[in-house]
Amino acid sequence: MRNKTKLAGAIAVLLSLHLAVFLAQFLAPCDPAEQNRDSPFAPPSRLHLVDVRGRFHLRPFVYRWVESPGDFHQYDEVRDREYPLRFLVRGPQYRFAGMIRSNLHLFGVDAPAQIFLAGADGYGRDQFSRILYGGQLSLAAGLLAAAASLFLGLLVGCISGFYGGWIDESAMRLVELFLVLPWLYLLLAVRSFLPLRLSAAQTFLLLVTVIGTIGWARPARLIRGVVLSARERTYVTASRGFGASDYYILRRHVLPETLAVLLTQAALLIPQYVVAEVTLSFLGLGLSEPAPSWGGLLANLQQYNVLVSYWWMFAPALALVILSLGYLKVANVVHECLQSGSV
Amino acid sequence: MRRWIYLIALSLACCSAQAASSSPQPPQHGEELKITDNPVGRYGGTLALAQRSEPKTLNPVTAADAPSREVIGSLVADLIHINRSTQQTEPALAKSWSLSKDGRVFTVKLRRGTRFSDGQPFDADDVVFSFQAYLDERIHSPQRDLLIVGGKPLQVQKVDQFTVRFALAQPYAAAERIFDNIAMLPRHLLEKSYQASEFSTTWGLTTSPAAIAGLGPFCLKEYVAGQKIVLQRNPYYWKADREKNRLPYLDELVFLFVGNEDAQVIRFQAGETDVISRLSADNYALLSKEAASRGVEMFDLGPSLEYDFLTFNLNDLQARNLENIAAKQVWFQDLRFRQAVSAAIDRDSIVKLVYAGHGSSLWGNVSPSNKFWVDGALPHPPRSLERARELLKSAGFTWRPDGQLVDSHGRPVEFSIVTSTSNAQRMKMATLIQDDLSKLGMNVHVAPLEFRALLDRVFQTYDYEASIMALGGGDADPNPEMNVWLSTGGTHLWHLGESKPASGWEARLDQLMQQQMVELKYKERKRLYDQAQEIIAGNVPCIFLATPDVLVGAKKDLANFKPAILEPTTLWNVEQLYYSPENGARPGAK
């Protein structure tokens, strides 16, 4: 019972995060590449309800940030005019899902003020918008890579576990090779061989392929273990006696056994692969400027002065933590349920 | 019992001898010291500073990397030195010199009574030996090219024990400046390895201190691999202050190896180092915030001599397999295209966002701080997207309805800018320029590359389209820049390997640079160099962007600290630095 509420909570958080990222174009108040060169490293906007004259406003408002003269990247609020938070505003154009054109945004403020919910980066670009848009790339890469590596792992694991013999031996040696190689260093070397100019789509596919092909080894081994035990079951021997083909046995009897492992692995691998994409982008192997990705956003923290002076640049890390914890919780609960269910 | 007393006395004597070996020797009879005019200081103290990477060698002739040169700079001395503060030459080991009327023979008179740090005397034989090593082709000294005038190396001849004559193949305007940083080496220690052809490998980091001797203010005390190099006072240094106190004041100089700029900043903040230089603007702001409470002072010395620029690949790509780039060169070679790009770039934002205001915009190759040589009449056109569009229109470019720029054949204008991953400032400039040019409808892609891979593409394979790089900073005089502006020069980046000038203006530029090199009068040289600057700024082979300010910091109680724009910015007068607990006011503080 308690598990069910915990699971529901985790799923709710995950779903809202995924939904927010899916609707990034609508939820983000700014275009992620739009530079505001007057506001580099502007802190998050403060939402006020009471103005300088002491009046209470029902609609929260912000003041404009202006750089303090003389001080480096320090900002003061200009309190001469309040900019109320407006909902369903018309803003920068975008294409939703690559097809539907629109310029409707959930919220925004009138020009010339900006609403920086998570501050701005070195070029004055809104971090909140960049986190949402960046999430699209990072989550998509993680999900697709997880799907790819699970598919590959399932394929190899089933075949090698079911048939055994030399197929099994060679497949497992291959798996061990993949587990042992130092992938990070190979990737860094590969980067210098790539052509200078990769389109965004090409880079994305490359990321997914790279992450997916690195990670199929572990699920393959686990699934092989499950298949090995499943093929010895009495009902499998019985169906073989009745003339069932290999394919039938695999589909009808063996695959359902692997469901538990697949689901748990999915819930574990997705956050791992999102972190892998973040790592690759952090090291400069992901999408290039100005396209945002969580790794690229976190790469700003490599500079010491950014690390100590601008705390809002940590925000993508917060998103990553929430994602990972949510998936971990789901994996735990799924594992427990299916374990107790199959016993 | 007596034996013990003798042993104790002996060991005490040895200890004091050890301590005494690094205290300054009193002036000898007949020794011609150079008297400096700095405020008189007091002896004692250790100066520590952090280096971004470890030095590779202590051999002045073969050292090419910056950390090695930084350490070696305090171990050696030259004949004629360029005072980093005034940017003019001054006597060093040479007490006087004269140039013959035809400008080809340079005669130098050495200071008498000078001794190396091991006490051995210095004379003309050491000078001849040193130049022999620098000019030896088998040793491949990076400074050898600087000693070649008119295609022929300097000829060195000993006249007597304290006089040396140098013969130049052609008159050379800045002849005295050639001698700066050419270290005078001890023949008695190095001749053997030179004869045995082992010169390039002598004086490595692990050499014992007794085998290294120089004429600089300090000598090697110890090297701890991976950690630090410690230098101690040269007891025979040939400079003294007004009161005949032999310099340097400091007892020791310590170089710590810390790995990168952020680590340097952290150490300086913690008080573990006393001086920091080559700061980026962000770190400068970070350190300035708490400067007062930490007892340090930060200095902004104004624009440096470096210039950052965007350059397009104008190389001859016939023999190479690079059709894509060759097709784009049709755009790059059009002067109006380059001028349009230059007009569209927001230089103010570059100075503001990349250098945090601690920089200056540039439209030419000479920085505003180079007062002797900058052409004040060069136009500084403000940013104008309209003018850029006009220029592109007149060059035959048009815009599609979606805003994309296309050329006269309908091809969309897109190219990539390569830059080094290890330089955050240039990456930032690339992103800003990408945004600026997108307003003209150009699709620009930023491609960060590892530094060596970048150099390979720019200098060897020519496999790039545009690049952001930086040059300059060596000396204020135009002559070290010859390599960049001569069409046959090795750093003529945008069009390497030219056997003859590719266009009329390049031929004219070659002519002007050659003329100013041999012209002996400053006024006429300035006139020629002004014309050269105008040609460069008008034909934009490189689009100049900005120059960073020189930013340094030091502990407040370090006296006589007068940082300069030329390297080494903080240590050029290391022999005059001393510690005074009274916080003296220093010029140039901000």
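Since every read-out is calculated from the coordinates, none of them should be taken as a lab result. Model, not experiment: these values are computed from the prediction. Don't worry about glycine lacking a Cβ; one is built from the backbone with ideal geometry, like all the others, and counts go over all protein chains shown.
Need pairs with beta-carbon distance below 9 Å; first residue part of a loop (DSSP other than H, G, I, E, B) and within the range B:395-416, second among the hydroxyl-bearing types (Ser, Thr, Tyr); sequence gap 6+ or separate chains.
Close Cβ pairs (under 9 Å, with a partner that is among the hydroxyl-bearing types (Ser, Thr, Tyr)) amount to B:395/B:408; B:396/B:408; B:397/B:408; B:403/B:438; B:407/B:398; B:408/B:398; B:410/B:398.
Any idea which residue in the range B:263-299 is nearest to residue B:231 (Cα to Cα), counting only those that are acidic (Asp, Glu) and crowded, with 19+ Cβ neighbours inside 10 Å?
If we take residues in the range B:263-299 being acidic (Asp, Glu) and crowded, with 19+ Cβ neighbours inside 10 Å, then B:274 is nearest to residue B:231 (Cα to Cα).
Which of the residues that make up the range B:186-231 are surrounded by fewer than 20 Cβ atoms within 10 Å (Cβ to Cβ), touching a Lys or Arg at 6+ places or on another chain (Cβ under 7 Å) and part of a strand (DSSP E or B)?
Across the range B:186-231, the qualifying residue is only B:230.
I'm trying to understand the selection: among the residues of the range B:432-460, which are part of a loop (DSSP other than H, G, I, E, B) and on the phi < 0 side of the Ramachandran plot?
Of everything in the range B:432-460, those that are part of a loop (DSSP other than H, G, I, E, B) and on the phi < 0 side of the Ramachandran plot turn out to be B:439, B:440, B:442, B:450.
I'd like to check something: does the range B:294-316 contain any residue that is within 14 Å of chain A (Cβ to nearest Cβ) and within 22 Å of residue B:491 (Cβ to Cβ)?
Among the residues of the range B:294-316, at least one is within 14 Å of chain A (Cβ to nearest Cβ) and within 22 Å of residue B:491 (Cβ to Cβ), which makes the answer yes.
Given (1) farther than 30 Å from residue B:526 by Cα; (2) surrounded by fewer than 20 Cβ atoms within 10 Å (Cβ to Cβ), where does residue B:134 come up short, assuming only one miss?
Only one criterion in (1) farther than 30 Å from residue B:526 by Cα; (2) surrounded by fewer than 20 Cβ atoms within 10 Å (Cβ to Cβ) is unmet by residue B:134, namely (2).
Just one of (1) in a helix (DSSP H, G or I); (2) closer than 30 Å to residue B:438 by Cβ trips up residue A:286, so point out which.
The one condition residue A:286 does not meet is (1).
Could you say which residue among B:354, B:413, B:341 is within 12 Å of another protein chain (Cβ to nearest Cβ) and either surrounded by fewer than 20 Cβ atoms within 10 Å (Cβ to Cβ) or not polar (S, T, N, Q) (or both)?
B:354
Looking only at the range B:484-500, decide whether some residue is in a helix (DSSP H, G or I) and acidic (Asp, Glu).
The answer is no; no qualifying residue exists.
May I ask you to list the residues in the range A:305-317 that are part of a helix (DSSP H, G or I) and over 12 Å from the mean Cα position of the chain (by Cα)?
Scanning the range A:305-317 gives A:305, A:306, A:307, A:308, A:309, A:311, A:312, A:313, A:314, A:315.
Run residue B:476 past the list (1) within 30 Å of residue B:528 (Cβ to Cβ); (2) within 14 Å of another protein chain (Cβ to nearest Cβ); (3) aliphatic (A, V, I, L, M) and report the number of the one that doesn't hold.
(2)
Within the range B:380-427, count every residue that is among the charged types (D, E, K, R) and under 30 Å from residue A:283 (Cβ atoms).
2
Which of the residues that make up the range B:365-392 are among the hydrophobic types (A, V, I, L, M, F, W, C) and not in a helix (DSSP H, G or I)?
Selection gives B:366, B:372, B:373, B:374, B:377, B:378.
Please note which strands (runs of 3 or more DSSP E) are completely contained in the range A:1-93 and include at least 2 residues that are in contact with a helix residue (DSSP H, G or I) (Cβ under 9 Å, 6 or more places away or on another chain).
No strands (runs of 3 or more DSSP E) qualify here.
Before we move on, is residue B:297 touching a residue at least 24 places away in the same chain (Cβ under 8 Å), touching a Ser or Thr at 6+ places or on another chain (Cβ under 8 Å), under 30 Å from residue B:352 (Cα atoms) and not basic (Lys, Arg)?
no
Can you tell me which of A:210, A:278 is assigned to a helix (DSSP H, G or I) and surrounded by fewer than 23 Cβ atoms within 10 Å (Cβ to Cβ)?
Unique residue meeting the criteria: A:210.
Would you be able to tell me the number of residues in the range A:231-252 that are within 34 Å of the chain's Cα centre (by Cα) and crowded, with 16+ Cβ neighbours inside 10 Å?
The total comes to 1.
Please go through the range B:272-293 and give me each residue that is out of contact with any helix residue (DSSP H, G or I) (no Cβ under 8 Å at 6 or more places or on another chain) and in a helix (DSSP H, G or I), ordered by number.
Within the range B:272-293, B:284, B:288, B:289, B:291, B:292, B:293 meet the criteria.
Mind counting the residues in the range B:534-563 that are in contact with a Phe, Trp or Tyr (Cβ under 8 Å, 6 or more places away or on another chain), among the hydrophobic types (A, V, I, L, M, F, W, C) and under 27 Å from residue B:513 (Cα atoms)?
Qualifying residue count, the range B:534-563: 8.
List pairs: first in the range B:205-217 and closer than 17 Å to residue B:255 by Cα, second part of a loop (DSSP other than H, G, I, E, B) and hydroxyl-bearing (Ser, Thr, Tyr), Cβ under 9 Å, 6+ apart or cross-chain?
So the pair list comes out as B:205/B:57; B:216/B:74; B:216/B:117; B:216/B:237; B:217/B:74; B:217/B:237.
Looking at the range A:293-304, is at least one residue away from every other protein chain (no Cβ under 14 Å), farther than 30 Å from residue A:233 by Cβ and not in a helix (DSSP H, G or I)?
Among the residues of the range A:293-304, at least one is away from every other protein chain (no Cβ under 14 Å), farther than 30 Å from residue A:233 by Cβ and not in a helix (DSSP H, G or I), which makes the answer yes.
Among the numbered criteria (1) more than 14 Å from chain A (Cβ to nearest Cβ); (2) within 30 Å of residue B:525 (Cβ to Cβ); (3) touching a helix residue (DSSP H, G or I) at 6+ places or on another chain (Cβ under 9 Å), which one does residue B:359 miss?
Looking at each condition in turn, residue B:359 falls short on (1).
Kindly indicate which of B:118, B:102, B:78 is buried (at least 17 other Cβ atoms within 10 Å of the Cβ), part of a loop (DSSP other than H, G, I, E, B), among the acidic types (Asp, Glu) and over 26 Å from the mean Cα position of the chain (by Cα).
B:118
When you go through A:101, A:90, A:59 one by one, which is the residue that is surrounded by fewer than 16 Cβ atoms within 10 Å (Cβ to Cβ) and within 14 Å of another protein chain (Cβ to nearest Cβ)?
On inspection, the qualifying residue turns out to be A:101.
Can you name every residue in the range B:383-392 that is surrounded by fewer than 19 Cβ atoms within 10 Å (Cβ to Cβ) and either within 18 Å of residue B:332 (Cβ to Cβ) or of a type in the set (Gly, Ala, Ser) (or both)?
Result: B:384, single match.
So residue B:468 ticks every box in (1) aliphatic (A, V, I, L, M); (2) loosely packed, with under 15 Cβ neighbours inside 10 Å; (3) in contact with a strand residue (DSSP E or B) (Cβ under 9 Å, 6 or more places away or on another chain) but one. Which box is left unticked?
(2)
Given the conditions (1) of a type outside the set (Gly, Ala, Ser); (2) within 14 Å of another protein chain (Cβ to nearest Cβ); (3) buried (at least 23 other Cβ atoms within 10 Å of the Cβ), which single one is not true for residue B:247?
(2)
When only residues in the range B:426-458 that are of a type in the set (Gly, Ala, Ser) and within 24 Å of residue B:411 (Cα to Cα) count, which is farthest from the other protein chains (Cβ to nearest Cβ)?
For the range B:426-458, the residue satisfying everything is B:441.
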